[in-house]
Amino acid sequence: MADMINEKDRAELKLILADLKSPVRLLLFTRKSACPACARQEELLRELCALTAILKLEVHDTVLDGDTALNYKIDKTPATAVVGARDHGIRFYGFTGGFEFSSLLEAIIMVSTGRTNLDPQLEALVKKIEKPVHLQVMTTLTCQYCPAMVHVAQQFAFINEHIRADMVEAAEFPELSKKHEVTGVPKTIINGTASFTGALPAPAAYLEIIKAVDPGQYETLMEQVRKAQSAGKIKKAEPGHLYELVIVGGGPAAMSAAVYAARKGLDVALVAKKLGGQINYTAGIENYLGLAKVSGAEMTEAFRAHMERHPVAQALGSRVTKIEKSGPEFVLSMEDGKLFKALSVIYCAGKEYRRLDVPGEERFMGKGIAFCATCDAPLYKGKKVAVIGGGNSAFTSARDLLGFASEIHLVHRRLDFRADASLVQEVSRAANVTFHNPMEVQEYLGTDKLTGIRLESPDGKKKLDLAVDGVFLEIGLTPNSAPLKNFIELNPVGEVPVDRNQNTAEKGLFAAGDVTDTEEKQISIAAGQGALAALSAYKYLADNKLTKSKVSLKEAWQ
Ligand code: NAP
């Protein structure tokens, strides 16, 4: 058999493993018969352990050595327990290849060095949990977001003996995935009940655990957080109050604008559904100056913490639906019915995945309809899926699904495709791909779970009900510009046209980030545009004598 770890990776691993401090035992639980993944996992662990004397592999057959399996609370195979001076309840169920190899390495390093790198305050809180907590993080090996969640769960297990944390490869344990309705990963199960989907930062994961095991304490904690927020600089935006500036959005452009506006002394509020924007869905970022490698969740947290050092009023949890102007005042209507008023506005609502807006879409979103085939493809092993779209994203998704799904139905509204010819050729050659074009999705079918989609040709002559277990919507991104639709002219793809100082066509209304017609969409560009928009808004207010100048204009441009 060819080596699982290639020569280059072996050399890099040796360097990483050289920093290990105390011995770590890897206990592999196998079932020689009828467990193909057991042999692969054994081979992988043998190759890893051969790189350093500090790692020791012990193989136990769960049938022949049932007592040891029972002692380590092993209930399925293959299982790998990472054990140091004591057993911290850290387990990996399934094969730890792909992205999960990094989870295994993180666990080994933590157990050997004794360092979690958790924030000390959070570590103190996690240590206080006294109720038994069993965390099962359902993952796939192709999910780059999953290791972050696995690591948080295992950090908690490492420091608290009441907590156990398993990585579970969802595709290897289909019954468990079915039981917990895993249609997207990572999904975390707390004490046998499905809890949350997505990779949460450690403090948010802590709160989810408390919510699950001690709802009373959760309420008390949330009350304390609310009190701390109202006592500090974080204040709630007040509907009806006339702000000098309201920033719409919660991504890098918005938070950067908020920092600049607050530092100019503006009475500023930020209104958004939530903080982070698209970076919440980004696994790793390596091109933001000064942060060589950072996860999306860490970056959101760093931006939020920076912004909250300044007096920026916030209204989170609801989107803006409409922006109008009455005299010099802007009026912003929110979906929860609130109204905010401002003398200037910076609009940075970003972009989001485009949807079809056909019946059933809302109901099955996240329950059969997904956007990330790279992550979720292994969940559709042997199943029928549809991929909607005709661009590079749709064809990349179809390609990611080739090795997993039994049938891939590519549905596109036109005869010709936008995707690169080489990708189209590669996907067309596969035996398990069927093209349906030109066909449009009319409806998602199913009652409790998605069972299919209803298709119709654009001329209405062909109709087809296609039975599928999952749908990947790959029809691009769309700018969140609807609230401005009847207010200013948008470009043909719905973006907000801006000039070089982020002015829109409406005086006092500025825009920044991915919602604008700027060609390149990047985090650093959005943050730069946010800063520029705030300075332009400040100048606009000062020039039009709409604000008491708290900082001199000379200073404003420094
Ligand atoms: P895209 O190129 O804009 O393609 C979107 C596709 O969805 C188009 O085929 C479009 O159909 C269809 N569509 C849009 N709205 C629709 C609707 N309401 N109903 C049905 N179909 C609809 O978007 P993308 O594929 O996400 O790619 C975005 C950018 O990222 C592109 O520049 C792409 O090249 C790049 N990308 C590259 C790769 C790669 O190189 N491997 C992978 C992913 C993305 P029409 O053609 O009829 O408009």
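Selection within segment 515-545: residues that are basic (Lys, Arg) and at pLDDT below 95. The member of this set that is surrounded by the fewest Cβ atoms within 10 Å (Cβ to Cβ) is 545. Of all residues in segment 284-301, exactly one satisfies the criterion of being surrounded by fewer than 18 Cβ atoms within 10 Å (Cβ to Cβ) and in a helix (DSSP H, G or I), namely 298. Across segment 107-131, the number of residues qualifying as under 19 Å from residue 83 (Cβ atoms) and touching a residue at least 60 places away in the same chain (Cβ under 8 Å) comes to 6.
Scan segment 187-201 and tell me whether some residue there is buried (at least 22 other Cβ atoms within 10 Å of the Cβ), under 16 Å from the mean Cα position of the chain (by Cα) and closer than 18 Å to residue 365 by Cβ. Yes - at least one qualifying residue is present in segment 187-201. The residues on offer are 250, 240, and the sole one that is buried (at least 20 other Cβ atoms within 10 Å of the Cβ) and not basic (Lys, Arg) is 250. You will find that of 70, 125, the residue that is in the same structural domain as residue 35 (by TED's automatic domain parsing) and touching a Phe, Trp or Tyr at 6+ places or on another chain (Cβ under 7 Å) is 125 and no other. Being closer than 29 Å to residue 92 by Cα, without any contact (Cβ under 8 Å) to a residue 12 or more places away in the chain, touching a helix residue (DSSP H, G or I) at 6+ places or on another chain (Cβ under 9 Å) and surrounded by 14 or more Cβ atoms within 10 Å (Cβ to Cβ): is that true of residue 204 here? The answer is yes for residue 204.
Taken residue by residue, segment 455-467 has no member that is within 14 Å of the ligand (Cβ to nearest atom) and closer than 30 Å to residue 322 by Cα.
From the list 333, 344, the one residue that fits, being in contact with a Lys or Arg (Cβ under 6 Å, 6 or more places away or on another chain) and either more than 30 Å from residue 535 (Cα to Cα) or surrounded by 15 or more Cβ atoms within 10 Å (Cβ to Cβ) (or both), is 333.
When residues in segment 259-270 are screened for being in contact with a Gly (Cβ under 8 Å, 6 or more places away or on another chain) and either touching a residue at least 60 places away in the same chain (Cβ under 8 Å) or assigned to a loop (DSSP other than H, G, I, E, B) (or both), 1 of them pass. Look at segment 381-402: where a residue is without any contact (Cβ under 8 Å) to a residue 24 or more places away in the chain, no partner that is of a type in the set (A, V, I, L, M) and near the ligand (Cβ under 8 Å from one of its atoms) sits 6+ places away or on another chain with Cβ atoms under 8 Å.
For residue 337, the stated conditions do not hold, so it cannot be described as part of a loop (DSSP other than H, G, I, E, B), more than 24 Å from residue 168 (Cβ to Cβ) and within 14 Å of the ligand (Cβ to nearest atom). If the condition is being surrounded by fewer than 24 Cβ atoms within 10 Å (Cβ to Cβ) and within 16 Å of residue 527 (Cβ to Cβ), then segment 261-275 contributes 262, 263, 275. The residue that is farthest from the ligand (Cβ to nearest atom), counting only those in segment 468-488 that are in a strand (DSSP E or B) and among the β-branched types (Val, Ile, Thr), is 471.
Within segment 275-288, the presence of at least one residue that is out of contact with any strand residue (DSSP E or B) (no Cβ under 8 Å at 6 or more places or on another chain) and within 23 Å of residue 504 (Cα to Cα) is confirmed.
Comparison of 350, 452, 368 shows that the only residue that is away from the ligand (no atom under 12 Å from the Cβ) and under 30 Å from residue 530 (Cα atoms) is 350.
Looking at segment 55-82, which of the residues that are β-branched (Val, Ile, Thr) and surrounded by 19 or more Cβ atoms within 10 Å (Cβ to Cβ) is farthest from residue 17 (Cα to Cα)? If we take residues in segment 55-82 being β-branched (Val, Ile, Thr) and surrounded by 19 or more Cβ atoms within 10 Å (Cβ to Cβ), then 62 is farthest from residue 17 (Cα to Cα). Taken over segment 345-371, residues that are small (Gly, Ala, Ser), at negative phi and in a loop (DSSP other than H, G, I, E, B) amount to 1. Here residue 295 qualifies as touching a residue at least 40 places away in the same chain (Cβ under 8 Å), over 28 Å from residue 489 (Cα atoms) and among the polar types (S, T, N, Q). Given the structure, is residue 459 in the same structural domain as residue 279 (by TED's automatic domain parsing) and more than 30 Å from residue 378 (Cβ to Cβ)? Answer is no for this residue. For segment 83-106, the set of residues classified as in a strand (DSSP E or B), without any contact (Cβ under 8 Å) to a residue 60 or more places away in the chain and in contact with a Leu (Cβ under 7 Å, 6 or more places away or on another chain) consists of 83 only.
One line per residue, one yes/no per condition, for (1) surrounded by fewer than 24 Cβ atoms within 10 Å (Cβ to Cβ); (2) part of a loop (DSSP other than H, G, I, E, B); (3) not assigned by TED's automatic domain parsing to the domain that holds residue 205:
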position	(1), (2), (3)
147	no, no, no
156	no, no, no
161	yes, yes, no
165	no, no, no
175	yes, no, no
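The values are calculated or read from the model by the stated rules, or taken from the named source; none is laboratory data. Model, not experiment: these values are computed from the prediction. Neighbour counts run over all protein chains shown; Cβ positions are idealised from the backbone, glycine included.
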